[in-house]
Amino acid sequence: MIDTLFHMVLVLAMPPLLLGVIGKTKAAFAGRVGAPFLQPYYDLSRLMRKGVVISDTTTWIFKAGPAVTLAATLFAALLVPLGKHAAPVSFEGDMILFAYLFALGRFFTTVAALDTGSSFEGMGAAREVTFSCLAEPALFFALITLTRLSGTMSLTPMLNHVTSPVWVAAGASLILLLAGLFVVLLAENCRIPFDDPNTHLELTMIHEVMVLDHSGPYFGCILYGAALKLYLLGALFVNIAVPFASGNAFVDWALFALSMLVLAVAIGVVESVMARLRLIRVPQLLVAAMILTAFSLVLVVR
Amino acid sequence: MTPGLLFTQNGSAVSREEIPEHSGERFCETLISAIDGGWRVVSYFGAAEADAVRLYCILSFKTHAALGIMSTAVTGNSFPSLVEAVPQLHLFEREIAEQFGISFEGHPWLKPVRFETQLASLPAVPPKAPEKAGIMDFYRVAGDEVHEVAVGPVHAGIIEPGHFRFQCFGEEVMHLEISLGYQHRAVERMVLGRPGLRTLKCMEAVAGDTTIGHGTAYAMVVEALCGARVPAKAEAIRGIALELERLANHTGDLGAIAGDVGYLPTASFCGRIRGDFLNMSAELCGSRFGRGLVTPGGVQFDVGRELADKLRKRIDVARREVTNAVELLWDSPSVMGRLEGTGVVSEKDALDLGLVGPAARASGLNRDIRRDHPFGIYNVTQLPVETAKGGDVYARTLVRWLEIEKSLHFIEEQLAQLPGGSIVSPAAQLGENRMALALVEGWRGEVCHVALTDGSGQFQRYKITDPSFHNWSGLAMALRGGQISDFPLCNKSFNLSYCGFDL
């Protein structure tokens with residue numbers, strides 16, 4: 001019970017902090033002070049208090065987009081274990097639901113973008129679906145590798161199974177898997193080198209351009225949902241990358257939260273030392289991620 | 001040498017009677033043979049006369065620092081278009097067509113340039129009222145999977161207004177058409193009459209980031225018309241200010257290019273260092289953009305020993321900082337991978353379109369007014385011309401960096417050996433019935449000012465050609481066959497002026 005409570009508090013409250021840490025890291029690399037760590041929370045509270053402008057050409061889909069996306073992401077949040085704990089909801093095969101809850105969210109984001117009829121948003125939608133259909137196989141290869149290692153298709157036992165002995169036995173495979181998963185994490189969350197979350201240049205955007213017409217609380221939902229998605233995929237990554245468990249629940253929660261912050265710093269570093277890829281190079285990198293995770297599967301199946 | 005041209009030098013004035021006036025046919029023949037012989041069009045414009053429009057063409061020949069002038073009178077409402085043989089004329093012809101209602105026969109693309117009201121019209125031809133800016137017949141590509149993307153005139157960033165129309169096939173751009181004119185202020189009309197303090201202010205505001213460039217060109221025109229000699233010290237200070245302007249803008253551009261590819265360290269550092277260079281301009285004259293420094297006859301602010309030493313120290317610091325910031329770019333493979341091969345303008349296209357400035361040099365064209373038609377301090381100090389091959393965003397970035405290095409060196413050298421003496425010589429009455437022309441290599445490229453005076457020594461026609469006027473077509477070419485997502489990066493690598501074009 002207390003674990004479920006911790007799970008809910010972390011998953012609801014912590015995601016925007018990751019964005020704050022990424023922003024601070026990037027600012028440090030650029031020689032600036034940067035916005036406060038809590039800036040994303042201020043932004044969200046500001047957006048929630050704002051009014052909304054809705055284009056006359058849109059239908060209910062435009063308003064449903066952010067809501068469905070956020071709801072799907074929140075549901076997915078119940079399926080991922082945070083650290084070596086049990087997730088609130090867990091059943092055999094939930095990893096497939098987890099993957100397709102994100103797909104559902106993406107479907108509604110793109111449909112809402114197409115609903116505006118803007119040429120920019122259509123372009124963004126086309127890019128998003130093209131790239132995500134390349135990122136999806138990589139995620140599945142990673143999950144299948146874990147299934148093969150743990151013998152289950154449920155996220156909680158599967159991820160809790162990855163402990164130090166497993167790393168010793170299948171280290172090479174897990175390293176490949178993590179590398180592929182990190183690429184998917186960056187791509188799915190529109191980070192550099194795939195997309196630049198800070199740019200104002202609508203012609204170069206992938207995800208941001210699809211939400212240009214949303215404002216106020218709708219936009220707040222989108223931003224919060226994006227932070228949550230980063231948090232969940234990050235949790236998946238951290239669960240595999242940090243195979244330690246002390247046995248003391250509180251120490252483990254602290255270890256998990258700390259690992260997430262370290263991951264945010266790592267993302268910030270990658271964003272600072274790399275430029276964005278040319279858009280036509282993005283599929284190549286995603287295919288590379290797919291190959292990495294495919295080989296990790298080959299290594300455990302052989 | 002081509003016959004039929006009046007030869008002159010940069011920064012000089014000629015009597016209007018001496019300018020050869022050809023028949024339309026001879027004019028066209030001379031123009032085409034001059035271009036074949038390696039001449040280049042610097043400016044081509046019309047001026048209203050009693051019952052005709054006289055077209056003046058100014059050509060440049062690199063190796064002899066020669067400028068050639070010729071003219072023809074158009075009495076009918078049409079004139080043959082030479083665009084097919086001389087593509088670099090296409091925008092000039094459109095401009096004349098718009099300003100005087102002359103139709104250029106055979107011009108493939110006779111569309112408005114700035115949607116301005118006509119300067120004059122021929123007798124028996126009623127002037128046409130201009131359309132609202134941006135309302136024109138855009139080129140369209142038809143097909144099932146072809147889509148059109150319209151960007152602007154209101155943009156997401158704080159930049160000037162301009163409309164861009166892309167014809168895309170998926171992510172690939174088949175054609176980009178640029179429609180400007182939103183910033184048209186009629187500067188050329190405003191400065192007619194007797195030049196004064198207000199004229200200088202207008203000139204400095206033609207393109208705010210090229211204040212020194214346009215200010216110097218205007219000052220050279222007035223000096224040529226009244227025969228004033230600029231003191232040596234003033235020439236040196238003008239040179240320093242012009243190079244500081246180049247430094248500030250090039251540094252800002254390198255930062256903006258880095259920002260566009262999402263490479264933050266260089267973007268942030270260059271943004272700040274640009275401010276340092278602007279502050280050095282402020283040390284010279286109290287304005288970060290150099291307003292009020294250049295005046296006909298010299299400069300308005302002296303540089304003493306103490307200020308020169310202080311500036312040298314600051315240049316030294318800035319050199320170290322900008323080198324560090326820019327070297328991060330060259331050392332990042334992901335940045336290089338992003339810049340190389342993006343937005344290529346081939347040398348042939350650059351030559352045909354008549355590109356100028358860093359954009360032309362990046363495509364391998366070796367042209368620079370500071371060397372080809374030296375003026376002021378550049379008559380005595382040579383600056384090496386930096387070129388690159390490739391014509392891509394990388395080449396335009398590299399040329400900017402190489403020019404930064406040379407400009408830093410130039411400024412240090414000039415500050416160390418500033419001549420003494422006065423800084424301004426008194427201006428006299430402007431000569432009557434004369435044409436003066438001045439070319440200045442601003443940071444963006446060649447700034448051309450031409451003035452025609454009437455019988456009482458007043459400006460009857462003043463023609464400004466900003467480098468952006470030559471280069472916008474280069475940007476459109478760079479995108480052809482490229483990716484639409486590369487547009488912002490290509491745009492930054494050209495960094496053209498909207499108001500300098502719109503006038």
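Exactly one residue out of A:136, A:128 is among the charged types (D, E, K, R), under 20 Å from residue A:294 (Cβ atoms) and either out of contact with any strand residue (DSSP E or B) (no Cβ under 7 Å at 6 or more places or on another chain) or modelled with pLDDT of 90 or more (or both), and it is A:136.
Being more than 14 Å from chain A (Cβ to nearest Cβ), out of contact with any strand residue (DSSP E or B) (no Cβ under 7 Å at 6 or more places or on another chain), hydrophobic (A, V, I, L, M, F, W, C) and surrounded by 15 or more Cβ atoms within 10 Å (Cβ to Cβ) is the filter here; which residues of region B:134-162 pass it? Answer for region B:134-162, where residues must be more than 14 Å from chain A (Cβ to nearest Cβ), out of contact with any strand residue (DSSP E or B) (no Cβ under 7 Å at 6 or more places or on another chain), hydrophobic (A, V, I, L, M, F, W, C) and surrounded by 15 or more Cβ atoms within 10 Å (Cβ to Cβ): there is none.
Against the definition (surrounded by fewer than 15 Cβ atoms within 10 Å (Cβ to Cβ), touching a Gly at 6+ places or on another chain (Cβ under 9 Å), within 30 Å of residue A:89 (Cβ to Cβ) and not aromatic (Phe, Trp, Tyr)), how does residue A:45 come out, yes or no? Criteria met by residue A:45. Scanning region B:272-291 for residues that are more than 22 Å from residue B:203 (Cα to Cα) and surrounded by fewer than 19 Cβ atoms within 10 Å (Cβ to Cβ) yields a count of 3.
Residue pairs whose Cβ atoms lie under 7 Å apart, separated by 6 or more positions or on different chains, with the first residue in region B:188-202 and modelled with pLDDT under 90 and the second surrounded by fewer than 16 Cβ atoms within 10 Å (Cβ to Cβ) and not in a helix (DSSP H, G or I), are B:193/B:458; B:194/B:458. Every listed requirement among (1) more than 14 Å from chain A (Cβ to nearest Cβ); (2) of a type in the set (D, E, K, R); (3) more than 17 Å from residue B:418 (Cα to Cα); (4) exposed (fewer than 15 other Cβ atoms within 10 Å of the Cβ) is met by residue B:331 save one, (1).
Where residues in region A:153-206 are polar (S, T, N, Q) and modelled with pLDDT of 85 or more, which of them is nearest to residue A:97 (Cα to Cα)? Give the derivation first.
Of region A:153-206, the ones polar (S, T, N, Q) are A:154, A:156, A:160, A:163-164, A:173, A:189, A:198-199, A:204.
Now narrow it down to the ones that are modelled with pLDDT of 85 or more: A:154, A:156, A:160, A:163-164, A:173, A:189.
Details: A:154: 10, A:156: 13, A:160: 18, A:163: 24, A:164: 28, A:173: 24, A:189: 19 Å.
In this case the residue turns out to be A:154.
The set of residues in region A:141-153 that are surrounded by 19 or more Cβ atoms within 10 Å (Cβ to Cβ) and not β-branched (Val, Ile, Thr) comprises A:141, A:142, A:143, A:146, A:149.
Give the number of residues within region B:226-263 that are more than 12 Å from residue B:376 (Cβ to Cβ), assigned to a helix (DSSP H, G or I) and more than 14 Å from chain A (Cβ to nearest Cβ).
In the first step, residues of region B:226-263 are kept if they are more than 12 Å from residue B:376 (Cβ to Cβ); the result is B:226-228, B:244-263.
Restricting the remaining residues to those that are assigned to a helix (DSSP H, G or I) gives B:226, B:244-260.
Restricting the remaining residues to those that are more than 14 Å from chain A (Cβ to nearest Cβ) gives B:226, B:244-253.
Residues flagged as more than 12 Å from residue B:376 (Cβ to Cβ), assigned to a helix (DSSP H, G or I) and more than 14 Å from chain A (Cβ to nearest Cβ) within region B:226-263 amount to 11.
For residue B:107, the test of being at negative phi, within 23 Å of the chain's Cα centre (by Cα) and buried (at least 19 other Cβ atoms within 10 Å of the Cβ) is failed.
Within region B:368-384, the set of residues being in contact with a Phe, Trp or Tyr (Cβ under 8 Å, 6 or more places away or on another chain) and more than 11 Å from residue B:439 (Cβ to Cβ) comprises B:371, B:381, B:383.
Residue B:364 fulfils the conditions (1) more than 14 Å from chain A (Cβ to nearest Cβ); (2) at pLDDT below 90 except for a single criterion, (2).
Scanning region A:192-206 for any residue that is of a type outside the set (Val, Ile, Thr), surrounded by fewer than 24 Cβ atoms within 10 Å (Cβ to Cβ) and away from chain B (no Cβ under 13 Å) turns up nothing.
Of these, B:306, B:283, which one is of a type in the set (Asp, Glu), closer than 12 Å to residue B:241 by Cα and away from chain A (no Cβ under 14 Å)? Steps first, answer last, please.
Values: B:306 fails: closer than 12 Å to residue B:241 by Cα.
Step by step, each of B:306, B:283 is checked, and only B:283 is of a type in the set (Asp, Glu), closer than 12 Å to residue B:241 by Cα and away from chain A (no Cβ under 14 Å).
Inspect all residues belonging to region B:82-100 and state whether any of them is of a type in the set (D, E, K, R), outside the structural domain of residue B:223 (by TED's automatic domain parsing), part of a strand (DSSP E or B) and surrounded by 15 or more Cβ atoms within 10 Å (Cβ to Cβ). Can you show your working first?
So the first thing to find is which residues in region B:82-100 are of a type in the set (D, E, K, R), and the list is B:84, B:93-95, B:98.
Checking which are outside the structural domain of residue B:223 (by TED's automatic domain parsing) leaves us with B:84, B:93-95, B:98.
Retained after the next criterion (residues that are part of a strand (DSSP E or B)): none.
There is no residue in region B:82-100 that is of a type in the set (D, E, K, R), outside the structural domain of residue B:223 (by TED's automatic domain parsing), part of a strand (DSSP E or B) and surrounded by 15 or more Cβ atoms within 10 Å (Cβ to Cβ).
Taking the criterion of being in a loop (DSSP other than H, G, I, E, B), buried (at least 16 other Cβ atoms within 10 Å of the Cβ) and away from every other protein chain (no Cβ under 14 Å), would at least one residue in region B:124-133 satisfy it? Yes. Of everything in region B:208-243, what is within 14 Å of residue B:441 (Cβ to Cβ) and among the aliphatic types (A, V, I, L, M)? Give them in sequence order. Selection gives B:212, B:217, B:220, B:241, B:242. Is it the case that some residue within region A:239-251 is closer than 27 Å to residue B:337 by Cβ and touching a helix residue (DSSP H, G or I) at 6+ places or on another chain (Cβ under 9 Å)? Within region A:239-251 (the criterion being closer than 27 Å to residue B:337 by Cβ and touching a helix residue (DSSP H, G or I) at 6+ places or on another chain (Cβ under 9 Å)), the answer is no, since none of the residues qualifies. May I ask you to verify whether residue B:221 is part of a loop (DSSP other than H, G, I, E, B), farther than 19 Å from residue B:157 by Cβ and either at pLDDT below 90 or aliphatic (A, V, I, L, M) (or both)? Here the answer is no, as residue B:221 does not meet what is asked.
Condition check ((1) of a type outside the set (Val, Ile, Thr); (2) in contact (Cβ under 8 Å) with a residue 60 or more places away in the chain) across all residues:
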residue: A:210; (1), (2): yes, yes
residue: A:213; (1), (2): yes, yes
residue: A:229; (1), (2): yes, yes
residue: A:243; (1), (2): yes, yes
residue: A:251; (1), (2): no, no
residue: A:267; (1), (2): no, yes
residue: A:298; (1), (2): no, no
residue: A:301; (1), (2): no, yes
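Here is a check on your reading of the model: is residue B:184 assigned to a loop (DSSP other than H, G, I, E, B), more than 14 Å from every other protein chain (Cβ to nearest Cβ) and not charged (D, E, K, R)?
Details: assigned to a loop (DSSP other than H, G, I, E, B): yes; more than 14 Å from every other protein chain (Cβ to nearest Cβ): yes; not charged (D, E, K, R): yes.
Criteria met by residue B:184.
Screening region B:337-361 for residues that are within 14 Å of chain A (Cβ to nearest Cβ) and crowded, with 23+ Cβ neighbours inside 10 Å and picking the one that is nearest to residue B:391 (Cα to Cα) gives B:343. Here residue B:159 fulfils each of the conditions (1) within 25 Å of the chain's Cα centre (by Cα); (2) in a strand (DSSP E or B); (3) of a type in the set (Val, Ile, Thr) apart from (2). Summed over region B:39-95, the residues that are in contact (Cβ under 8 Å) with a residue 40 or more places away in the chain and basic (Lys, Arg) give a count of 2.
The helices (runs of 4 or more DSSP H) found entirely in region B:281-396 that carry 1 or more residues being of a type in the set (Ser, Thr, Tyr) are B:305-330, B:333-339.
The values are calculated or read from the model by the stated rules, or taken from the named source; none is laboratory data. Worth saying up front: this structure is predicted, and the values here are computed from it rather than measured. Positions of Cβ are backbone-derived with ideal geometry, glycine not excepted, and every protein chain shown enters the neighbour counts.
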